[in-house]
Structures are given as C-alpha cells and as structure tokens.
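One structure below.
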Amino acid sequence: MDAAKVAKAVAQLPEKHRAALNWCYVLDPRSKEASPARASKKLGTSLQGLADLLRDARQMLINRGA
C-alpha cells in the first residue's frame, strides 16, 4: 500500500522533479546514466540544480503526505 501511495505521488510531480527522483532512487548505480553530471545534463541543469530538484521533490512528497 505504501509503495502504491508513493508511486502515485511521484507520478504527480513536475517532470524534472520526477526524473531527478527516478535517477536517484530507481536507476541502477552501475549504469552509465547514474553519473550526476550526465543526469544534470540530461535535465538541462547544473549539479546544484539537480540537488535542488531532489530536495524540492522530496519536500513536495512530504507536503503531500506520501
């Protein structure tokens, strides 16, 4: 039940925030895509921007009770 609740809340996040969370928590860390530099480039942001997206996405989930 909790996983379904979190998945639903993540799906409702803005696209870049959702992508940042998926990069951080879902992506296989051994993959080439796991590089923070590559993830930030793919999202069109800096490394600090990627960190900000993650922080903000986590806070949105907390605020939504997920």
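The structure shown yields Rg/Rh (Cα atoms, Kirkwood Rh), and of the options (i) 1.04; (ii) 0.95; (iii) 0.98 that calculated value carries the label (iii).
Within a straight-line Cα-Cα reach of under 26 Å, Lys5 can be paired with the following lysines, leaving aside sequence neighbours fewer than 8 residues apart in one chain: Lys16. In this structure the chain gives 72 Å² per residue of accessible area when probed at 1.4 Å with all protein chains present.
Taking a straight Cα-Cα cut-off under 12 Å and skipping sequence neighbours fewer than 8 places away in the same chain, the aspartates and glutamates within cross-link reach of Lys41 are Glu33.
Note on Lys8: aspartates and glutamates with a C-alpha under 20 Å away, same-chain residues under 8 apart excluded, are Asp56.
The values are calculated or read from the model by the stated rules, or taken from the named source; none is laboratory data. Quick caveat: nothing in here was measured; it's all calculated off a predicted structure. The protein model used for the area step is the full one, side chains on, heavy atoms only, and it has no ligands, DNA or RNA in it. Shrake-Rupley method; radii C 1.70, N 1.55, O 1.52, S 1.80 Å.
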